[in-house]
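One structure is given here, and the rest of the page talks about it.
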Amino acid sequence: MTKYAWRRVPGYVFLSVFALFSIFPLYFMLVSATNSTQDVLASRLTPGGHLFDNMTALMKQQDIGAAMTSSALIAIGTTVLALIVCAVAGYGFEIYHSRGKDIVMAILMLAMMIPFAAIMIPLFRMFAQLGMVNSLFAVIIPAISTPLLILLFRQASRSFPYEIIEAARIDGLKELSIFARIYVPTMKSTFAAAAVITFMTSWNNFLWPRVILLDNAVQTMPMLIANLTAGYVTDYGVLMLAVLLTSLPTILVFLILQRAFAQGITGAIK
């Protein structure tokens, strides 16, 4: 081993240690889903034989299918609509650039500093007056336009060659056709990054669904987990199994899109 290679050993050791710290909670969650409450409280680190018992108990206590369906509908619906709305907004802010749009964008950035708790009550009253309490649309609509995604698409649009747009206009393409047929295919990595961010945020969202969805028939997976801890006695084996089932969709989405996610974030930063 060369002298230069030896110098890199402490760095690899440092990264390996912190990688283990990052992976351990996932491992403990996976193992705990197969153990009983007593084993979880005893911090058992080996798989047990209570997986099917925990699954049976979970299905008896909560409607896991309905919660999964509600979470999937909210996450997928929010992701699709947010990609459309925020991509168009980011594209418009950069391609049709003006000083007025810069002011609007600055206001949007300031809106990111307002905590959600400050607007939660007026938002609830608005949806209550519209008769949308216990409606999944009441969870989706506030999340389809976020300053973060608009900024992401705007920054990515700065690297989009404006000459292509001018050439397309000369060829007779309409603005909507330019966006759909040229811009969208070129920005696949940005769309993937935005999809990962939106899906994970929507799937894990707890506060607003907890406020607007009053009926357990339309509860989401994070709400289901909260309900499992609401009793006098908590079955931690069942709880960890519910946490595992809740985590799987976001893990799968990230693993599938991780390469495009990294490219999209890098492109937006550049």
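Every number in this text was worked out from the coordinates using simple rules, so none of it is lab data. Everything numeric here is computed off the predicted structure, so don't read it as measured data. Note that each Cβ is placed from the backbone with ideal geometry, even for glycine, and that neighbours are counted across all protein chains shown.
Remarks
- Percent breakdown of C-alpha pair distances by 5 Å bin, ordered from the shortest bin, for the range 28-76: 5, 21, 20, 16, 16, 13, 7, 1
- Per-selection Rg to Rh, the range 114-270 - Cα, Kirkwood hydrodynamic radius: 1.09
- Between Thr46 and Leu15, the distance separating the two model label sites (each 7 Å from Cα on the Cα→Cβ line) works out to 3.3 nm.
- Placing +1 on each Lys and Arg Cβ and -1 on each Asp and Glu Cβ, with no other charges, gives the range 35-168 a dipole about its Cα centre of roughly 280 debye.
- Here the translational diffusion coefficient of the range 31-149 follows from Stokes-Einstein with Rh set to the Kirkwood radius across Cα pairs; for 10 °C and 1.306 mPa s it amounts to 86 µm²/s.
- In plain terms, the residue of Asp171, Asp39 with the fewest other Cβ atoms within 10 Å comes first and the most crowded comes last, giving Asp171, Asp39.
- Helix runs (DSSP H) in the chain reaching 30 Å along axis by Cα, Kyte-Doolittle at least 0.0: 3-32, 64-95, 236-269
- Cα convex hull of the chain, projected area averaged across orientations, nm²: 21.3
- Pairs of lysines in the chain whose Cα atoms sit within less than 29 Å of one another amount to 6, provided the residues are eight or more positions apart or on different chains.
- In this structure, Val184 and Phe124 have a Cβ-Cβ separation that, at R0 = 41 Å, corresponds to a calculated FRET efficiency of about 0.70.
- Taking only the C-alpha atoms of the range 172-257, Rg followed by Dmax gives 18.9, 68 Å.
- Relative contact order (%) - criterion: Cα under 8 Å, at least six apart; region: the chain: 32
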